[in-house]
């Protein structure tokens, strides 16, 4: 019975994936004739959703090529990272005193932590670097009397250093291992190191490169970027991306639907998994009683 539920979940996951592939292939084709800003507006959600599947093992082979195509289209647009910063600034400036920030904060997480993180470029590093120093949206300290309050969206500074950690730098300012090994002030440690790193990068004192790319970047004093070819020895040491699957696999959690956020999808997978586990336990108890 439980195996049947799992098989049904795999089939449903594949159906959703197939629908997503068809949708974003169509949108990608339509975007070819769009102006740059419209192209980003048309494709960024596909980058986020297809990218979510791409980052997990067990996806179909089509996901890899589609993700690469969408990513390349957006990266080719000048000021692609600035687009998201401008969108957030407009949203923030439109807020009036007393307005709820729920939608704005949700968009902040989606743009910084779920979209920019999938655009490895010097432009993105520059935008994420600016958010390392943006403390306007720091959440209030937790209220010990409100145990059931939903966790607030993290500060822009935290979203930025987490994205810099996850964007695929060959030598990030903070590795995940070092981050989790820090026991005293993990957030302060990551933020201070990321700020120091970005100050050196922005000043042209430190080059940087991304896993999967063949060049190393360095900012010039005038803000432009120069690139140099990396030696083959560096490229050969790059880790391999998650492998696609040629057959149905054990479900890894429901991937985000067309307009669904990965975090929401993960919560639903936990809820569904808990319900299925409870159903299996009840079935086992009934079998024991009947025996």
So how do 117-125, 222-230 stack up, highest first, on mean other-Cβ count within 10 Å?
117-125, 222-230
Figure the gain on full extension for residue 176 and residue 76 (residue separation times 0.36 nm, minus the Cα-Cα span) and round it to one decimal in nm.
33.1 nm
Determine, from the Cβ-Cβ distance of residue 68 and residue 19 and an R0 of 22 Å, the FRET efficiency 1/(1 + (r/R0)^6), rounded to the nearest 0.05.
0.65
Fewest-first ordering of 201, 16 by Cβ atoms within 10 Å yields 16, 201
What list of whole percents do you get for P(r) of region 27-71, with Cα-Cα distances grouped in 10 Å bins up to the one holding the largest distance?
29, 51, 19, 2
Burial ranking of peptide ranges 160-166, 129-135 (average Cβ count within 10 Å, highest at the top)
160-166, 129-135
Relative exposure of 198, 84, judged by other C-beta atoms within 10 Å (fewest first)
84, 198
FRET efficiency (residue 97, residue 202; Cβ distance; R0 41 Å; to 0.05) is 0.75
Please list 202-215, 39-52 highest first by mean number of surrounding beta-carbon atoms within 10 Å per residue.
39-52, 202-215
Would you please classify the overall shape of region 24-172 from the alpha carbon gyration tensor, given that a ≥ b ≥ c denote the square roots of the eigenvalues, rounded means a/c under 1.5, and beyond that prolate means a/b larger than b/c while oblate covers the rest?
prolate
So how many Å³ per residue does the convex hull of the Cα atoms of region 1-105 work out to?
130
May I ask you to sort 234, 127 by Cβ crowding, counting other Cβ atoms within 10 Å and putting the fewest first?
234, 127
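Bear in mind that the values in this text are calculations on the coordinates, not laboratory data. Predicted model, so just to flag it, every value in this text is computed and none were measured. Glycine also receives a Cβ, built like all others from the backbone with ideal geometry; neighbour counts cover every protein chain displayed.
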